[in-house]
Amino acid sequence: MRLASVDAAALAVGLRPGMPLADARAQLGELMIVPHDPVLDQDWLDRLAQGCARYTPLVALDAPDGLILDIAGAAHLLGGEAGVVADIEGRFARLGMTLRHALGPTADAARALARYQARPAPDETSAIRRLPVAALELEAEETTALVRAGLKTIGDLAGRPMANLAARFGADAAMALRRIMGDAPSPLDPRVPPPPVVAERRFAEPLGSTAHAAKILAELVGEAIGDLAERGKGGRSFRATFFRSDGLARDIAIETGHPTRDAGLVMRLFAERLDGLADPLDPGFGFDMIRLAVPRIETLGASQLGLEGGAVKEAAIDELADRLATRLGRGRVRRLRPADTHIPEQAQLELPAIDAPAPLPWQAPEPGEPPTRPFHLFDPPQPIEVIAEVPDGPPHRFRWRRQAHAVRRYEGPERIAAEWWRRRDNGGLTRDYYRVEDAQGRRFWLFRHGLYDEKPDPRWYIHGVFA
Amino acid sequence: MRESSHPLAGLRQRIARIAASDGVESHRAEGWLASGHARFDDALHGGLAIGRIHEFFAADALDATSAAAFAALVALRAPGKAPLIWLRTTDANKRSGRIYAPGIAELGGDPDRLLLVETADPKMLLACANDAIRCAGSAAVIVESWGKFPLLDLTAGRRLALGARDAGTTLLMLRLNAVPTPSVAETRWSVAAGPSHALAADAPGAPAFDLELLRWRGGPAGTRWRLDWNHDEQSFRETALSGALLPLPARRAMASHGAAAA
């Protein structure tokens, strides 16, 4: 076992990440050791990034332990770059985090400066030129080779023709260098893409009560909807972010099945979501900022109510579906759509009502014929014990759920082959389906899984019940 | 204590009288969900009243599909595109199977009208039913429950009934594997699968239902019907029993089966 990471006190006594645990123990008797959990680390980094959304909407993760914030045009809100840095450092200190920061003209330059800067420099350009070549993050041997060749800093490399570097160390090395120097763009991959419509409010004094926060949220919804109306758009999803004064934040999101500009509806959905939270919204030491984002917008014309009220009723149903989906989870309010396959259990898709596609036609019934597909389908099919008169004949009697049924009438078999064109192993066994009626008049859909020449002793299953 | 219970009982009776004279019943129904079978509809003065609760008990646990299909067909028969909201708990998928849209389409119903709502437990089911029932514009709301439903007491039932009356929505309660108990429902039915009219080569025919009217607020109960579903005409009709096979049914009395189920 090795040390994954050490804190400042451990660094001071000479422990280093990567050191074997036994050595560390030998060096220092009283170590406090916490098992390394990369998933939790990632989760925590994500939460920190969420909290940093208060400074700028463009926050990118630099796993495993970095955050990149694009504060261009956003720094003046906190009194310039120094103000932003002081604010971040203050909040992170309250969370028990120490950090190393750097400001740079591009994301890659800032990142390299934060991670590799050893000596202070008079200005930004010379700071970048003084960075060690390790900042290019090449393979260890290549970095060593560069250092041996006497090229110790980025500045040394930058003075030489780029083509030579590319020829010797690959195009990636040249690209990394150009990015750090600011000659090539270094695009940021933000954690959450910036939403098209945002409304936010900052408070001088943190808000201590959730009820008050909900009131502010209602005002923000009004503002966002005014913005949407000007653009002729409606929101499909809304995300409220509550920033706590300790630097963390909480997202509450809702979705609607159709674009909407109805502030009442949006607030009802938010209320539904806030009521149903497993762990309620906790203001902690208070919220100092609330932001409402509308990440998904769609065109929505000005609407006029129909005289006959049909649209009103439809809207009521849509709202009910949205509300239930908000309360139960989007996957629990569903609509049924056909799928183009003859495998019975795959022939229907249950899709969330919130974004179910437009209806497609279903297989029309044969006139005068009874239904060939059951009303209820078991997925997976349930095994039954069957007695048949001849091995590959229809079932004569069967036992399902500890109850015996004598087959009075049957129709079949309807042979459904596996989809051999989809899978290399022919997709499985052929099924012989029988529609049977028992002595009480109940109708079942049974099948034998496999033909006798496919399988020595095929099993029987019940796949559905007819009306 | 003993003496105080008498006035209490008296008060309860008075409340019951007030409720009976000035409650759900006094309101006229806005229409009916008709079955399409003239005798059946006439006997019920038009069919299943809209804006009321109707309970469907499966005569046996195995008749769950018949009860569900009957309720769904009565609701989906009504023309238009109004959705049928179907609430069930997650374990219903295992017990009675998934609702299978190709099967509904083959019965002549439009599966696109179905809005399925799945809840984790009966408590949430009841809460969502209360919301769904207050939302005008649905063809009907089907609430499917399995076994005893202790949360659905008279108070909860009455709340549902008032919601249905005010919004003009029809609530079809599917009570599977349950024994009928007093409730505020307008009609209460026991549904069982009936032997179908055999087709050529002794193949099972159109879906057939054995219905028994257990209770009706508007008139006498106890009537039985044997209907089968004609998907071409989108209506129920009397089952024509062929003389050759008369496996005389299965007129299962509710009491004995109810006891067995409980």
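Would you mind working out the magnitude of the charge dipole of region A:327-466 relative to its Cα centre, with +1 at each Lys and Arg C-beta and -1 at each Asp and Glu C-beta, to the nearest 20 Debye?
Approximately 720 debye in magnitude.
About the Cα centre, and with charges only on the beta carbon of Lys, Arg (+1) and Asp, Glu (-1), how big is the dipole of region B:141-247? Nearest 20 debye, please. If you can, show how the numbers build up before the last one.
Values: 11 positive and 11 negative charges, 124 e Å.
Charge dipole of region B:141-247: 600 debye, to the nearest 20.
Determine the distance separating the Cα centre of region A:401-467 from the Cα centre of region A:24-61; give it in Å without decimals.
The distance from the Cα centre of region A:401-467 to that of region A:24-61 comes to 55 Å.
Can you sort A:Tyr433, A:Tyr55 so the residue with the fewest Cβ neighbours within 10 Å comes first? Spell out each step's value before the answer.
On the way: A:Tyr433 21, A:Tyr55 18.
Fewest to most other Cβ atoms nearby, the residues stand as A:Tyr55, A:Tyr433.
Calculate, in nm to one decimal, what B:Asp166 and B:Ala16 gain on full extension: separation in residues at 0.36 nm each, minus their alpha carbon distance. Don't jump to the answer; show the numbers that get you there.
Details: separation 150, 0.36 × 150 = 54.00 nm, distance 2.03 nm.
Between B:Asp166 and B:Ala16, full extension yields an extra 52.0 nm.
Which residue, chosen from A:Ile68, A:Pro57, A:Leu45, occupies the Cα position most advanced towards the positive end of the dipole of region A:43-84, where the dipole is computed from +1 (Lys, Arg) and -1 (Asp, Glu) charges on Cβ about the Cα centre?
A:Pro57
What are the DSSP H helices in chain A that stretch 24 Å or more along their long axis, judged by alpha-carbon atoms, and whose average Kyte-Doolittle hydropathy comes to at least 0.0? Before the final figure, lay out each step's value.
On the way: long enough: A:210-231 (31 Å, 0.38); A:310-328 (27 Å, 0.06).
In chain A, the long hydrophobic H runs are A:210-231, A:310-328.
Using only helices, what value at 222 nm comes out for the protein assembly as shown when you add -39,500 (n - 2.57) per DSSP H run of length 4 or more and divide by the total residues, to the nearest 500 deg cm²/dmol?
Details: 21 runs with 230 residues, N = 729.
When only DSSP H runs of four or more count, the value is -9500 deg cm²/dmol.
Using the alpha carbons of the protein assembly as shown, what is the convex hull volume per residue in cubic angstrom, as a whole number? The partial results should precede the final answer.
Details: hull volume 202.5 nm³, N = 729.
Spelled out: Cα convex hull of the protein assembly as shown, divided by residues, is 278 Å³.
How high is the FRET efficiency between A:Ala418 and A:Asp279 when r is their beta carbon distance and R₀ equals 41 Å, given to the nearest 0.05?
For A:Ala418 and A:Asp279, the calculated efficiency is 0.30.
Once the piece of chain linking A:Glu454 and A:Ala74 is laid out straight, how much longer is it, given 0.36 nm per residue of separation minus the C-alpha distance between them?
Numbers: separation 380, 0.36 × 380 = 136.80 nm, distance 6.92 nm.
Between A:Glu454 and A:Ala74, full extension yields an extra 129.9 nm.
Applying 1/(1 + (r/R0)^6) with R0 = 30 Å to the Cβ-Cβ distance of A:Leu95 and A:Met1, what FRET efficiency is obtained, to the nearest 0.05? Write out the running numbers ahead of the final one.
Details: r = 27 Å, r/R0 = 0.92.
So, using R0 = 30 Å, E works out to roughly 0.65.
Given labels modelled 7 Å from the Cα in the Cβ direction, how far is it in nm from B:Ala43 to B:Glu233?
Calculated label separation equals 1.8 nm.
What number, in percent, do you get for the relative contact order of chain A if the mean sequence gap of Cα pairs under 8 Å and at least 6 apart is divided by its residue count? Before the final figure, lay out the partial values.
Working: 723 pairs, mean separation 42.2, N = 467.
Answer for chain A is 9 percent.
Based on Cβ point charges of +1 for Lys and Arg and -1 for Asp and Glu, what charge dipole magnitude is obtained for chain A about its Cα centre, in debye rounded to the nearest 20?
Working: 60 positive and 65 negative charges, 82 e Å.
So the dipole magnitude of chain A works out to roughly 400 debye.
Under a straight-distance cross-link criterion of Cα-Cα below 28 Å, which lysines are reachable from B:Lys81, leaving out those fewer than 8 residues away in the same chain?
Straight-line reach from B:Lys81, under 28 Å: A:Lys233, A:Lys313.
Along the charge dipole of the protein assembly as shown, Cβ charges K/R +1 and D/E -1, which of A:Tyr461, B:Gly218, A:Pro194 sits furthest on the positive end?
It is B:Gly218, whose Cα lies furthest towards the positive end.
Could you please state, rounded to a whole Å, how far the C-alpha centre of region A:201-264 is from the C-alpha centre of region A:93-144?
37 Å
Picking from A:Thr326, A:Leu136, A:Thr241, whose Cα lies most toward the positive end of the charge dipole for the protein assembly as shown (charges on Cβ: Lys, Arg +1; Asp, Glu -1)?
Going by the Cα projections, it comes out as A:Thr326.
For the pair A:Ala218 and A:Glu314, what calculated FRET efficiency results from E = 1/(1 + (r/R0)^6), where r is the Cβ-Cβ distance and R0 = 25 Å, to the nearest 0.05? Display every interim value, and only then the final one.
Details: r = 26 Å, r/R0 = 1.03.
E(calc), rounded to 0.05, equals 0.45.
Every number here is computed from the coordinates shown, using simple stated rules; none is lab data. Just so it is clear, the structure is predicted and the values come from calculations on it, not from any experiment. Don't worry about glycine lacking a Cβ; one is built from the backbone with ideal geometry, like all the others, and counts go over all protein chains shown.
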